[in-house]
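Comments concern the structure below.
The values are calculated or read from the model by the stated rules, or taken from the named source; none is laboratory data. What you are looking at is a predicted structure, and each value in this text was computed from that prediction instead of being measured. When we count neighbours, we look across all protein chains shown, and the Cβ atoms used for this are built from the backbone with ideal geometry, even at glycine. Each accessible area value is taken on the protein alone, full model and side chains, heavy atoms only, with ligands, DNA and RNA left out. Shrake-Rupley method; radii C 1.70, N 1.55, O 1.52, S 1.80 Å.
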Amino acid sequence: MRASSALSSRLPWPLGVLARLAYNYRWAWLADGPDVFRDVDPARWSACGRNPVRLLQETSAEALLRAAGNASLVARAEQLEAALIEDLARPAATDVADEEHPIAFFCAEYGLHVSLPIYAGGLGALAGDILKAASDRALPLVAVGLMYRHGYFRQRVDHTGWQQEYWVPTDPERSPAVLVTGGDDRTPLRIRVPIGADDVVAQVWRVNVGRVALFLLDTDVPENTRVTRWITTRLYDSDPETRLAQYVLLGCGGAAVLRALGITPSIVHMNEGHAAFAALEMTRPAVEQGADFAAAFEGVRQRTVFTTHTPVPAGNDSYPADQVRAALGPVAQSLGISGDEIVRLGRTRAEDEQEPFGVTQFALRASRAANGVSRRHGAVSREMWRVLWPDRAVDDVPIAHVTNGVHVPSWVGAPMRRLLDRHLGEGWTRHAADPATFEPIDAIAAAELWAVRWEQRRRLVDYVHDRSQLQRIARGEPREHVEASARAFDAGVLTIGFARRLATYKRLHLLLHDVQRSFGLLRGDRPVQLLVAGKAHPRDDGGKRLVQELFAVRAQQDAFERVVFLEDYNLGVAARLVGGCDVWINVPRPPLEASGTSGMKAAINGGLQLSVLDGWWAEGYDGANGWALSGDVDPDEAAQDAHHAGELYRLLESEVVPEFYERDEAGIPQAWTARIKRSMRTLIPAYSSVRMLSEYEERVYRER
Ligand SMILES: *Cc1c(COP(=O)(O)O)cnc(C)c1O
């Protein structure tokens, strides 16, 4: 904890508690945590990107003195610390792992908080929620990832609607991260990983996530060349050679970090194929003790599990065999095998010289249990990978499913949290997997629930006014548009959200399929307003064109007032959107949605789903807890789009809009609030991370 003591030396003594809190993200999901840091200096908190370390480094001495003199603020901080200490002191609560032999979780990205930009999207948000849920559950787990110095790209959209990318450096010294030291002299730990001809050196940062330690490898050290320092610069770097080097570093380097720290995992969980090489490096102790590689690999396989997230064949990373032989040759040699043996483990048909190396195939061969992330995705994955088990019927392909869930305390808005605290009793988030926890929702007065929904929508609308006006001015939209949009975007209007990675299969274009009908919805007497956010991969021009089409329609149809594109989608923007939107639209092309999680986040806040029956919604929809479009697969994409767009317009026009605006004499939309209750009662227990983690424990981690 040297970093926190260095930090507290600049703080007036009553604030030392804040320096200790700053270095454990547990504050981020204690109810009063974010507000305590904000209240130190609200303007600075926002200017620092809600990063508590920067807040304490950069707040002026006067403001710090003022905070130190605020007895109630200090008392609130002390309460947070007491909760943290109590949380850390709980004994482990499982028999699948223990503190000496924890679960080791490997992932290329983690979305823990907006202040640590080492995530891109859904995979990272899920991994972040898993770490928080593991901490809440007292499940012994350590996590491994990479400290990206520039993270994922930031997004700006120009006046033509074209996405521009830029990167902002993160200084780990100004993050809630501490360098891991090793050996007797307490100097920073150094890990060496041979990648191709380079002997790559990495240092390791530790980020505390409640009870979970997250170790992040970082190659930006003076011993490395410019090229190898670059490895941990950008998340999902566009250069395939850099990407492969990242995966070798994550898997092999990550396993070496755990070994250097004396951590022998009971289970290795590779979250998506990027982490596959962890299984390779985990064989080293057995190989060094004389086992041959095949036996060592089988030993590792017995304690390795793998989660696949990619139902799109092209989304499963693959690399030419030569590239893999070159990158992994030295690691292979040190394990007594050839690079070719590794390549064969990553081919669907090992002997097919034409076939590239696939990380998913390798990960499937390296693990004793595998799972997809929704029931339907499990089935899609069994079909997709049955070629690896040619002797088995498709239903017997050993890929199960654990449907994703979300970390309720991280995603529930403050007004909704207060409402549920009142009606469900304190501690309800810990029992979020039990449907009985949510039974009292039925008895909440419709007016009370509606007031909370109104308040959360109003907060979103305020935020949108602020952000979108600045963004419109910056991209040079006419001033009268800027001003008109500020008037039109309204806290009383049915607010629809569409936010996700802007890949073409997510089909943002369905919302514009019939421009006149969209226009009718936006401009009717019972209007809707639409919020869109999301990033297209820098090399995905198809995805970028979707945003441009939206801009073109907006301009042409004079609908700019009620359609807002929020730039630079991230965890912070996501939290605002899922908190305030009344309807969450998700219309991916079936069966390409592995699960999706943002709709679950909306459900916690009383938002309703209008989604294709794919991913999680194929199992979540019960006929009355939202609305559904058919999930049929159709090879004729144009026909499928037309069909789905027709269903979407029909539902919006004849069900969603009337139900939202149909009010009783007290002004309450009774049918709407009844649907919200049903949605919350059925969906929160089924899609919380509490349920997800208990399924990982029982179905995946526990040997059967
Ligand atoms: C939850 C979340 C996602 C997941 O989006 P889906 O479209 O539901 O898969 C992506 N990005 C961010 C920032 C999120 O918070």
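Annotations
- The chain, accessible surface, carbon-and-sulfur percent (1.4 angstrom probe): 50 percent
- In this structure, the amide hydrogen of Thr233, modeled 1.01 Å from its nitrogen in the peptide plane, lies closer than 5 angstrom to those of Arg149, counting only residues at least 5 positions away or on a different chain.
- Efficiency of FRET between Asp87 and Arg479 - r from beta-carbon atoms, R0 45 angstrom, step 0.05: 0.30
- Förster-model FRET efficiency, 30 Å R0, Arg422 and Gln670, C-beta, rounded to 0.05: 0.90
- Tail beyond 15 Å, pair distance distribution of the range 527-584 (Cα, percent): 55 percent
- Summed over the residues of the range 120-195 and divided among them, the accessible surface reaches 37 Å² per residue at a probe radius of 1.4 Å.
- Integer Hz, Karplus 6.51/-1.76/1.60 couplings in order for the range 73-79, x for Gly and Pro: 5, 4, 5, 5, 5, 5, 5
- Share of Cα-Cα pairs in the range 492-558 lying beyond 18 Å, as whole percent: 38 percent
- Cβ-defined net charge surrounding Ser338, 12 Å radius [Lys, Arg +1; Asp, Glu -1]: 0
- The HN-Hα couplings worked out from phi for the range 539-551 by the Karplus form 6.51 cos²θ - 1.76 cosθ + 1.60 (θ = phi - 60°) are 9, 9, 5, x, x, 5, 5, 4, 5, 4, 4, 4, 5 Hz, whole numbers, x standing for Gly and Pro.
- Rolling a 1.4 angstrom probe over the protein heavy atoms with all chains in place gives the range 2-89 an accessible area of 46 Å² per residue.
- Amide hydrogen proximity for Thr283: with H placed 1.01 Å from N in the peptide plane, no residue at 5 or more positions away or on another chain lies under 5 Å.
- Nearest 10 degrees, 0 to 90: helix 414-424 Cα axis against the chain principal axis: 90 degrees
- Label point of His101 set 7 angstrom out along Cα-Cβ; within the range 121-148, amide nitrogens under 14 Å from it belong to 140.
- A helix-only calculation puts the chain at -12500 deg cm²/dmol for mean residue ellipticity at 222 nm, using -39500 (n - 2.57) for each DSSP H run of at least four residues, averaged over all residues.
- Annotation: peptides 633-640, 434-441, ranked by per-residue average of other Cβ atoms within 10 Å with the highest first, follow the order 434-441, 633-640.
- Burial order of peptide ranges 470-483, 200-213, 649-662 (average beta-carbon count within 10 Å, highest first): 200-213, 649-662, 470-483
- Per-q log10 I(q)/I(0), the range 2-89, q = 0.26 Å⁻¹ (Debye; single scatterer per alpha-carbon; no solvent): -1.54
- Share, in percent, of DSSP beta bridges within the range 96-201 that are antiparallel, nearest 5: 75 percent
- Here the calculated FRET efficiency for His159 and Ser238, from their Cβ-Cβ distance with R0 = 30 Å, stands at 0.75, rounded to the nearest 0.05.
- The C-alpha atoms of the chain define a longest principal axis, and helix 571-580 lies at about 30 degrees to it.
- Label-zone membership for the range 682-696, site Glu439, 7 angstrom Cα→C-beta point, backbone N under 20 Å: 682-688, 691
- Against the chain, whose longest principal axis comes from its Cα atoms, helix 375-385 is set at around 40 degrees.
- In this structure, the amide hydrogen of Phe357, modeled 1.01 Å from its nitrogen in the peptide plane, lies closer than 5 angstrom to those of Tyr319, Ala321, counting only residues at least 5 positions away or on a different chain.
- Taking the Cα centre of the chain as reference, the dipole from Cβ charges on Lys and Arg (+1) and Asp and Glu (-1) amounts to some 1160 debye.
- Pairs beyond 20 Å (Cα-Cα), from Lys506/Lys544; Lys506/Lys535; Lys132/Lys535; Lys601/Lys677: Lys132/Lys535
- Spin-label model distance (nm) - Glu698 vs Asp462, 7 Å beyond Cα toward Cβ: 4.2 nm
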